[in-house]
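The values are calculated or read from the model by the stated rules, or taken from the named source; none is laboratory data. Worth saying up front: this structure is predicted, and the values here are computed from it rather than measured. Cβ sites come from the backbone with ideal geometry, for glycine too, and all protein chains shown count toward neighbours. The protein model used for the area step is the full one, side chains on, heavy atoms only, and it has no ligands, DNA or RNA in it. Shrake-Rupley method; radii C 1.70, N 1.55, O 1.52, S 1.80 Å.
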Amino acid sequence: MRALVIVDVQNDFCPGGALGTERGNIVAEQIARLQRDPDNGYDAIVATQDWHIDPGTHFSDNPDYIDSWPVHCVVGTGGADFHPAIDEETLHQIFRKGEYTAAYSGFEGHAATDDITTMAEWLRDKGITDLDITGIATDYCVKATVLDALKEGFTVRVLTDLCSPVHPDTEAQALTDMKNAGAEIV
Ligand SMILES: [Zn+2]
């Protein structure tokens with residue numbers, strides 16, 4: 001059983017957002033096409049959201065863009081919403097992370113419906129063994145989600161055309177790290 005995982009395709013990570021990545025719009029539209037493809041073969045489609053209330057030093061007025069960032073994805077703002085291309089109708093579950101701390105991996109989040117169930121628990125409960133991971137940003141939240149998925153025992157493919165990086169250098173390192181950890185990079 002295979003699931004599509006859409007990581008943080010939110011307005012603040014797309015062009016015009018607080019932390020816009022260059023390919024954000026293209027990736028959102030390509031993911032949406034895959035969501036709607038009747039032959040995509042997915043048994044489940046889930047998405048994660050960076051979901052900040054007061055995440056401490058994750059936010060900074062003088063961000064280093066490594067451990068601290070400009071204010072982004074604040075709950076109740078449009079920046080935290082999914083990119084409008086994302087088809088929310090097809091999502092079987094949403095996992096939100098980072099309310100009061102930095103959280104890069106979707107596996108740190110909890111189901112939007114009950115605030116308790118983790119993504120690993122939810123996927124296992126549905127019998128999912130294989131994940132196709134997509135989203136933003138390749139070099140941060142996608143990478144962290146992929147590495148956690150492998151630790152949780154899932155078989156992982158990274159769909160690189162459907163991922164948008166912050167920077168090409170850190171993207172290249174992230175792809176190497178994910179491959180070395182056991183992910184298939186396609
Ligand atoms: Zn964040």
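The set of residues from the stretch 21-44 being within 16 Å of the ligand (Cβ to nearest atom) and surrounded by fewer than 19 Cβ atoms within 10 Å (Cβ to Cβ) is empty.
Of all the residues in the stretch 163-181, those that are open to solvent by 40 Å² or more (accessible area, probe 1.4 Å) and outside any helix (DSSP H, G or I) number 3. Looking across the stretch 64-98, the residues that are out of contact with any Leu (no Cβ under 9 Å at 6 or more places or on another chain), farther than 30 Å from MET1 by Cβ and assigned to a loop (DSSP other than H, G, I, E, B) come down to ASP64, ILE66, ASP67, SER68, VAL71, VAL75, GLY76, THR77.
If you go through the stretch 24-40 and keep only what is without any contact (Cβ under 8 Å) to a residue 24 or more places away in the chain and either touching a Pro at 6+ places or on another chain (Cβ under 6 Å) or part of a loop (DSSP other than H, G, I, E, B) (or both), you end up with ASP37, PRO38, ASP39.
Please go through the stretch 108-124 and give me each residue that is open to solvent by 60 Å² or more (accessible area, probe 1.4 Å) and either more than 16 Å from the ligand (Cβ to nearest atom) or in a loop (DSSP other than H, G, I, E, B) (or both), ordered by number. Please lay out each step first, then the result.
Let us first name the residues in the stretch 108-124 that are open to solvent by 60 Å² or more (accessible area, probe 1.4 Å), namely 108, 110, 113-116, 121, 124.
Within the stretch 108-124, THR113, ASP114, ASP115, ILE116, GLU121, ARG124 meet the criteria.
Residues in the stretch 76-99 that are of a type in the set (Phe, Trp, Tyr) and either under 15 Å from PHE13 (Cα atoms) or more than 16 Å from the ligand (Cβ to nearest atom) (or both): PHE82 only. Only residues that are in a loop (DSSP other than H, G, I, E, B) and touching a residue at least 12 places away in the same chain (Cβ under 8 Å) were counted in the stretch 1-23, giving 10. Can you pull out the residues in the stretch 59-76 that are open to solvent by 30 Å² or more (accessible area, probe 1.4 Å) and in contact (Cβ under 8 Å) with a residue 60 or more places away in the chain? Listed by number, the list holds a single entry, TYR65.
Can SER105 be described as over 13 Å from the mean Cα position of the chain (by Cα) and surrounded by 14 or more Cβ atoms within 10 Å (Cβ to Cβ)? First the steps, then the outcome.
Details: over 13 Å from the mean Cα position of the chain (by Cα): no; surrounded by 14 or more Cβ atoms within 10 Å (Cβ to Cβ): yes.
Here the answer is no, as SER105 does not meet what is asked.
Restricting to the stretch 45-57, give me the number of residues that are buried (at least 21 other Cβ atoms within 10 Å of the Cβ) and either near the ligand (Cβ under 10 Å from one of its atoms) or not small (Gly, Ala, Ser) (or both). Result for the stretch 45-57: 7. Condition check for GLY127 on (1) in contact (Cβ under 8 Å) with a residue 60 or more places away in the chain; (2) within 16 Å of the ligand (Cβ to nearest atom); (3) not hydrophobic (A, V, I, L, M, F, W, C): one failure, at (2). Residues that are closer than 19 Å to GLN10 by Cβ, buried (at least 24 other Cβ atoms within 10 Å of the Cβ) and charged (D, E, K, R): does the stretch 140-162 have at least one? Within the stretch 140-162, one or more residues are closer than 19 Å to GLN10 by Cβ, buried (at least 24 other Cβ atoms within 10 Å of the Cβ) and charged (D, E, K, R).
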